[in-house]
Structure formats: C-alpha cells, structure tokens
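Right, one structure below, let's go through it.
The values are calculated or read from the model by the stated rules, or taken from the named source; none is laboratory data. Values in this document were obtained by computation on a predicted structure and should not be read as measured data. Positions of Cβ are generated from backbone atoms using ideal geometry, with glycine treated the same way; all protein chains shown enter the neighbour counts.
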Amino acid sequence: MKRSDVMMYVLLAAGAASGGGAFVVGKVAVADLPAATVALLRYGIAVILFAALLLAERRPLPRPSPRQWLLLTGMGLSAVAGYNLVFLEALKRAPAAEGGLIVPGSAPILFVALSALVFRQLPSRRTMLGVAMATAGLGVLFASSGGLADCNPSHRLGELLYLAGGFCWAVFLLCAHGLHGRIPSLAANTYAAVIGLAILAPLAILPDRGASLAHVRLSGAVEAAYLAVFATVLLLWANVRGLERLGAERVAPFVYIAPIAAVLGAAVFLGERPSPIEIVGGAIALLGTWVATHRPAPAAIPAATESRAAAA
C-alpha cells in the first residue's frame, strides 16, 4: 500500500472520529450557551475555513443556475441551520451516545424513503430489508432507553429531535444528489454553509440582542472551534479527498467510525453508560443502513477472460 494511501486512511479515520466527537463536545457546549449561538459560532468559523480551502484550490468559483441555488438553499437550510438546531437542542435532553447511534442509523434510511417518494422508484429487496432492519434497531433503542410509554418526556423529546436530525441529513443528501456532481463538493458545501449561516444569524442574535454572543467564554469558543475545524471542515475535506483518491467503495466504511467514537467519547468524557440492549439496537440500525446502502461488487471476470482483455 502506498504511503499516501495510508495517510489518506488516517485522515478519513480522524475526520470520522471527529464527527462522532461532535456529540460529546456539543453536549458540553450547550450546557453554557443557547443552541443557536453554538451553531452560529460553529459555522462562522467553518465558512472562513471553507473559503480558505476554496482559494487554495485556485479554481474559478462555479456559478450555480437558479435551480442549483434552490438545491444549495435546501442543503443550507437542512444540514447547516436545521440539523444544528435540532441536534444541539437534543443534546440538552438526551444522552450524547444515543444521538451518536440514532442520527447515523436513521439518516440513510430516511434518505432511501425520501428518494423513493420523490423519484417514485420502488427500492430493491435488499434496500427494503435494510430499511426494515434499521427501523427495528431504532425501535429497540427507543424502547430500551426507558420504555415507549414510561420514558421521561424531555428525554423522549431529545430522541425525537435526534430523529429529526437524521431527517435533516436525508433532505441534505437528497438536495446534494440533485446537483448530479455539477458543482464540486467543496464549493457546494461552502455555499450551503454561507446560506445556513445567514439563517442562523438572526436566530442567534435577535432573541437576546446578541447578549449570548457577547458573553461567550474561552471554553465556549474552544468548543465551537472544535465543532468547526474538526467535526465540520476536516470531516468534509477528508471525505472529498478520500473520494477523489480512493473511491466511494473504500471510503464508505469510515462512516461507521463516527457512532463508535460518539459512544466511547460519551462514556469516557461524560460518564454515559448505554445499556447493552441500547448498543444492540444501535448496532442493528447501523447494520440495516449498511445493508440498505451497500452495493455488492459485480461478479469477478473469469481469469481467461481477464487475460484476453489485458492482451487486447
């Protein structure tokens, strides 16, 4: 294996682990600051870094069409503004470890469901099996976290907000899919981040006339910087570069590092201890997403045929 490929794998793992760490750091951040303020700080920093990466590429900025602007707005509204608000509000109410399992366990499945509705295409049997597995796993997780009826209402609301976060990511993926790769990923995400930041700004500033921003302590700034630098920019940049160098098939497994990092990080730094049945439910949900979204490799070409193809 090339040394450059090894470094790419390390970068992908670091980015994915940072994404999982967002659940831990986010929970600490919202203990002192409103969710909208944390989100605004996160993307205020992230937009600057995205812009720096775009300038470093020295390529002309793409000029989106009106339809593409609509899709980019959907990306910014869903994954930047919408997701951050529900994700951070959820962290106030429910354990970070649960979020680390519910969001990645639900987002791909909800994307499959939305795609089927929008494009009116019946999913394959394998996809439907994966959806059923993920749904069952999430059901087990919800039931085991206190019972479907007996759980604390605030805790249950937090879990539902995590599920809403998965829906936000599904909408984001649907909008990104609609771009058909005609706008480079880094540029598209930068535009979406700017749009999302514009939506977050009044939500963070108007309620208390900017008092929360004016009284951000150093610890809050460091937490927001982590969310921006590692859980946003590094995560995206690693995936963009990984897809370019290694391809989707070798990059895809790294998404499963994030929930592991979230659960372990919550245990080490927050003292959270998910029950074994919660872990099982989350694992079933994640396995279901893999079954639903993984495409088996095509059958190998017989050796004789390969030899003739090489000779040709």
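Taking every residue in the stretch 245-261 that is closer than 14 Å to ALA22 by Cα and pairing it with any residue that is surrounded by fewer than 16 Cβ atoms within 10 Å (Cβ to Cβ) and among the charged types (D, E, K, R), at least 6 positions away or on another chain, yields no pair with a Cβ-Cβ distance below 9 Å.
Only one entry of ALA198, ALA292, ALA224 meets the criterion of being at pLDDT 95 or above and in contact with a helix residue (DSSP H, G or I) (Cβ under 6 Å, 6 or more places away or on another chain), and that entry is ALA224.
Residues of the stretch 199-250 that are among the acidic types (Asp, Glu), outside any loop (DSSP other than H, G, I, E, B) and surrounded by fewer than 20 Cβ atoms within 10 Å (Cβ to Cβ): GLU244, GLU249.
The stretch 48-141 holds helices (runs of 4 or more DSSP H) entirely within its bounds, and those carrying 1 or more residues that are over 15 Å from the mean Cα position of the chain (by Cα), surrounded by fewer than 17 Cβ atoms within 10 Å (Cβ to Cβ) and without any contact (Cβ under 8 Å) to a residue 60 or more places away in the chain map to 66-75, 96-119. Condition first: in contact (Cβ under 8 Å) with a residue 40 or more places away in the chain, part of a helix (DSSP H, G or I), over 16 Å from the mean Cα position of the chain (by Cα) and within 19 Å of ALA39 (Cα to Cα). Can you find one or more residues in the stretch 178-188 that meet it? Taking every residue of the stretch 178-188 in turn, none turns out to be in contact (Cβ under 8 Å) with a residue 40 or more places away in the chain, part of a helix (DSSP H, G or I), over 16 Å from the mean Cα position of the chain (by Cα) and within 19 Å of ALA39 (Cα to Cα). If only one of LEU117, LEU157, LEU179, LEU129 is of a type in the set (A, V, I, L, M, F, W, C) and under 30 Å from ARG273 (Cβ atoms), which one is it? Just a single option satisfies the conditions, and that option is LEU157.
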